[in-house]
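Bear in mind that the values in this text are calculations on the coordinates, not laboratory data. Everything quoted here is computed from the prediction, not taken from an experiment. Here the Cβ positions follow ideal geometry from the backbone for every residue, glycine too, while neighbour counts run over all protein chains shown.
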C-alpha cells in the first residue's frame, strides 16, 4: 500500500483508513518493532503529540485530580502527557516554559497558582512556535487561553453559608501575599462572611500546603485565638490540604471540632470525606477541570466552558446554637 496510507495509520490521522489496511500496517509495525520518531514528527508538523502539564506539587490531591482529567482527554485524542512541578516558584515556572519551547509540545497547561511571575514572555514564545497555552484562572494575557475558576465567587458563597450557620469570628489560613488563588479566596470569603453578619476575618499567612496549615493552626492555638469561651472560632483554610493540616493541629491540642473550633476548606479533594469529621468545603469538579483544560488546548476554537462551584457543608462546621452566636473571647477583637 502507499506510504501515505501507512503514515495515516501510524500517525493517527483523522482521515479514514480501511480497517483491513489498519490491521496490516499495525501488524507490520509490531513485527518490525517500529515506533514513530516524535522529534521528526514535531519537525514535520511544527509540534509534537504531547501535552505538557505544569503543576505546583503532584503529591497534592488538587493537582493529581486535575492531572487525571488531562490524561483522560489526552488519551482520547491519542496524545501523551508529560508533567513538571513548579514548586510554586515563578522563576522555575518561567524556566520550564522556556525549556518546553525546544520540545515543541502540542499544548501546555498551567495549573499552578501564579503570583505575577515572569511567564508572559515565555508563554508568548511558546504560542509563536505553535503550542497552545492554557491556564487555569483569570487574566488578560493574549497569548494564553484561560479556563476560569471562580475562586472569589466560590469563597463568597462559603463565607455567606458559614455566617448563616451562626459563626461570627473567623480566621483565614492563607498562602503568601500576591498568590492570585489565595488572594481571591480571602477577598471572596471576607465579603460573604461580613455581609452575613460576621466580623472581618483575621488573615494568617503560611505555606500553601498541609504543613503550613498545621503550623499556623498550632500557633493560633498557642496564642489564645481558640478557647472554651463562647461560640466556636471558624477557621477557613484556603485549600483542603491546608485544612487537613489544621485538623491535625487541633487534634494534637485535644480540642473538639464544633465546640472550640470549626474548620472549612476549598477544592473538595477526595480526602475531604476521609478525615474525621468530614470537611466542609467548596466543590470544584477537579477532574472535569483538567479534562476541559486539555480539550481547550487541543481545540483552539472551542469555547471555554462554565464550571460552577458549590458549597458542601459537612460535620466540620456544625451550626452554632443561637445562645452561642456572637459570643467569643476577647483575643479576637472585632
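Brief remarks follow.
- Mean Cβ count within 10 Å, highest first, over the residues of peptides 21-32, 99-110: 99-110, 21-32
- Structure-derived P(r) over Cα pairs in 20 Å bins from 0, in percent: which label, when the choices are [x] 30, 60, 10, 0; [y] 30, 45, 20, 5, 0; [z] 29, 54, 16, 0: [y]
- At R0 = 51 Å, FRET efficiency that the Cβ-Cβ distance of residue 75 and residue 191 yields, to 0.05: 0.80
- Pairwise FRET efficiency - residue 95 versus residue 259, Cβ, R0 = 41 Å, nearest 0.05: 0.25
- Relative contact order, percent, the chain [alpha-carbon distance under 8 Å, six or more residues apart]: 17 percent
- Acute angle (nearest 10 degrees) that the helix 286-298 long axis makes with the longest principal axis of the chain, alpha-carbon atoms: 30 degrees
- Label sites at residue 301 and residue 180, each approximated as a point 7 angstrom past Cα along Cα to Cβ, lie 2.7 nm apart.
- 0 to 90° range, to nearest 10: angle between helix 151-164 axis and the chain longest Cα axis: 30 degrees
- Rounded tilt (10° steps) of 19-32 against the dominant C-alpha axis of the chain: 90 degrees
- In nm, spacing of pseudo-spin labels at residue 87 and residue 2 (7 Å Cα→C-beta vector): 5.3 nm
- 195, 2, 239 arranged by Cβ crowding within 10 Å, fewest neighbours leading: 2, 195, 239
- Put a dot 7 Å past the Cα of residue 200, heading toward its Cβ, do the same for residue 278, and the two dots end up 3.7 nm apart.
- Gain upon complete extension [residue 251, residue 228; 0.36 nm per residue less C-alpha separation]: 6.8 nm
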